[in-house]
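Input: a single structure, listed below in structure tokens.
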Amino acid sequence: MSGQSRLLYGHRRATNFVILALSLCATSAGLAVLFFILYSLLRHGLPALSSDIITKMTPPPGSQGGLANAIYGSVIMTAAATAIGTPVGILTGTYLAEFSRGSRLGQAVRFVNDILLSAPSIVIGLFVYEVMVVPMGHFSAWAGTAALAIIVVPVVVRTSENMLSLVPASLREAAFALGTPQWKVVSNVVYRAAIQGMLTGVMLAVARIAGETAPLLFTALNNQFWSVDMNGAMANLPVVIFQFALSPYADWQLLAWGGALLITITILLLNILARFVAGWSSFAK
Amino acid sequence: MFALGVLVLLTAIIAALAVGSLPAFRAFGLSFVWSEAWNPVKDSFGALPAIYGTLVTSLVAMALGVPLAFGVAIFLTELCPPLLRRPIGVLIELLAAIPSIIYGIWGLFVLAPFLQQTVQPALIETLGQVPFFGMLFAGPPLGLGILTAGIILAVMVLPFMASVIRDVFLTVPPMLRESAYGMGATTAEVIRDIVIPHSRVGIVGGIMLGLGRALGETMAVTFVIGNAHRIKASLLAPGTTISATLANEFNEAVGDLYTSSLIALGLILFVITLIVLAAANYMLWRLSAREGA
């Protein structure tokens, strides 16, 4: 090897090494931030966790309290939004995967759905404010539920369509060959084969809305007291965290950290669980 | 039938926001978009500071996030031992699962003080002294501001971009890769000359998907942006974004014109993200159409 080509070779090897080292750094940086966030949450949030947090109401500044009403509100609204959004999402996903082969409408719906999937959630809050809060004249848990349901739909549409298209065509063909009508093929054969995948989608959707704050600010607002009235403003964890964290009171900030820890643990568990469920599915890779 | 609902929903969102923002546009005309005024007392509103803040924070996020996303994608496809590939991929994706309010509270109490005490003084002393370019890093280290918001956004959109880029990297036919290796190319050269050119459309689509997320991100930004309706050249100065303005002021807005101006801001934000996301999805869709053919 001549001197020059050895130099070139060394240079190429060095570039290669630098680029791969940088990519390693980037990955470690991403992981480091994840663990740093989890560490901060545990460090600040653990001291706030006691039985008070699930038994007492959100306190005025300077006194003892918990997050009971906020936790209740979050659970109720998340559950209601999931209950409303899931059927719509699954039916739309079914349409896309089973009935719209190559049609213009199917493509348009898919395109719009992908846009809604990443649309800013605060705009969805504004929308619900315009169409529900203004006509009704007051903030309400139903409006919050509606905003969350709008966020659930695209997530469920996406995953259920993907999961349905993973079902092998031979299964459908076998059912058709027995003379089964299409609706029965879909409901008895295809759904049964793709159920785990669709369950994963629903769990991911729940995880997504459990921490949503922006759409609730203008819809469900907040409530300092225990309220089960879906027509009135209702406390919910994310908005409480928002208000308490930005407040100057140390005990409110502590509660905000506690709430943040609770939400994060719930969501990460849901995500990991969803992946396990997806793993059982016979067709997902 | 429900599928039609998805289409109706998009139209309804635009229509509702347009109706809500009518009073503002009627009062200020189109100059609302480039007016710098924001004075609730005098009922005088303009969108420019918020639009500026939205674009600049997203640009900072892209400048930091795109190289990181490339790094992660390269690591996961080329460097990572197969056994670790899935766990590390999942962990990176978990970054996307953390709700934005958690990023906000972490940014406010952990990241901002850290930046204020260590990173920002260093930036001011080094880059801040460079003529002209130094304008970007002028002013006191406040901790809160456009730079902090950009950094948080970068972390938040990293998983979206990284997973799209990784997926399009994996669509490169192994034969192309192997022929390049066979000719003695190094891994870096294979990535630069084979993988990236082959998956260009998908990469741009993934980056724009990240951009669309960054533009609309609300809670995390609201915590750390500093909320000042001003346009400052310095990245260290506090600013505001459309979404942060909405989150902060909407419930306190008195008067129809104030509310309507805020809704008009929302409409502008929705239109901007709509365009970016539509472009992103179009590119990704074209890519998958090509593959299917």
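Taken about its Cα centre, region B:226-293 carries a charge dipole of about 340 debye when Lys and Arg each add +1 at the Cβ and Asp and Glu each add -1 at the Cβ.
Can you give the mean number of other chain Cβ atoms that lie within 10 Å of the Cβ atoms in peptide B:216-223?
Mean partner shielding for this stretch: 5.
The fraction of accessible area contributed by carbon and sulfur in region A:14-100 is 78 percent, rounded to a whole number (1.4 Å probe; ligands and nucleic acids excluded). Scanning chain B for long hydrophobic helices, with DSSP H runs required to stretch 15 angstrom or more by C-alpha along their axis and to average at least 1.6 on the Kyte-Doolittle scale, returns B:2-28, B:48-74, B:146-170.
In this calculation the C-beta distance from A:ALA83 to B:TRP285 is compared with R0 = 41 Å, giving a FRET efficiency of 0.85. Near A:THR180: Cβ cut-off under 11 Å, other residues only, Lys/Arg at +1 and Asp/Glu at -1. The net charge is +1.
Computed over region A:4-108, relative contact order equals 11 percent, with contacts defined as Cα pairs under 8 Å that lie 6+ residues apart.
Within a straight-line Cα-Cα reach of under 14 Å, A:LYS184 can be paired with the following aspartates and glutamates, leaving aside sequence neighbours fewer than 8 residues apart in one chain: A:GLU98, A:GLU173.
Charge tally for B:ILE101 (other residues, Cβ to Cβ under 14 Å; Lys, Arg +1; Asp, Glu -1): -1. A 1.4 Å probe run over the protein assembly as shown, with the rest of the protein chains in place, finds 43 Å² accessible per residue. Quick one: Cα centre-to-centre distance for region B:209-237 and region B:156-172, in angstrom? What the calculation gives is 24 Å, centre to centre. Under the criterion of Cα pairs below 8 Å and six or more residues apart, the relative contact order for chain A equals 26 percent. For the options B:ILE242, B:ILE74, B:ILE152, a Gaussian network treatment of chain B with springs between C-alpha atoms closer than 10 Å singles out B:ILE74 as fluctuating the most.
Taking every alpha-carbon pair under 8 Å whose residues sit at least 6 apart, chain B reaches a relative contact order of 28 percent.
A dipole drawn for region B:1-132 from +1 and -1 charges on Cβ atoms has a positive end, and of B:THR11, B:LEU48, B:LEU68 the residue lying farthest that way is B:THR11. For the residues A:GLU173, A:GLU98, A:GLU130, a GNM of chain A with alpha-carbon springs under 10 Å puts the largest fluctuation on A:GLU173. Here is what passes the span test in chain A: the DSSP H helices with alpha carbon length of 24 Å or more along the helix axis and a Kyte-Doolittle mean of 1.0 or above are A:68-94, A:141-166, A:191-210, A:250-280.
In this structure the amide hydrogen of B:SER44, modeled in the peptide plane, comes within under 5 Å of the amide hydrogens of B:ASN39, none closer than 5 places in sequence on its chain.
Per-atom-type breakdown for region A:113-198 gives carbon and sulfur 64% of the accessible area (1.4 Å probe, protein chains only).
Summary of packing: across the peptides B:83-96, B:153-166, B:5-18, A:134-147, the per-residue average of other C-beta atoms within 10 Å ranks them, highest first, as B:153-166, A:134-147, B:5-18, B:83-96. Accessible area buried by the pairing of A and B, both sides summed with a 1.4 Å probe, works out to roughly 6300 Å².
The values are calculated or read from the model by the stated rules, or taken from the named source; none is laboratory data. Model, not experiment: these values are computed from the prediction. Ideal geometry is used to build each Cβ from the backbone, glycine not excepted, and the neighbour counts take in all protein chains shown. Note: accessible area is taken over every heavy atom of the protein model, side chains too, but ligands, DNA and RNA are not part of it. Shrake-Rupley method; radii C 1.70, N 1.55, O 1.52, S 1.80 Å.
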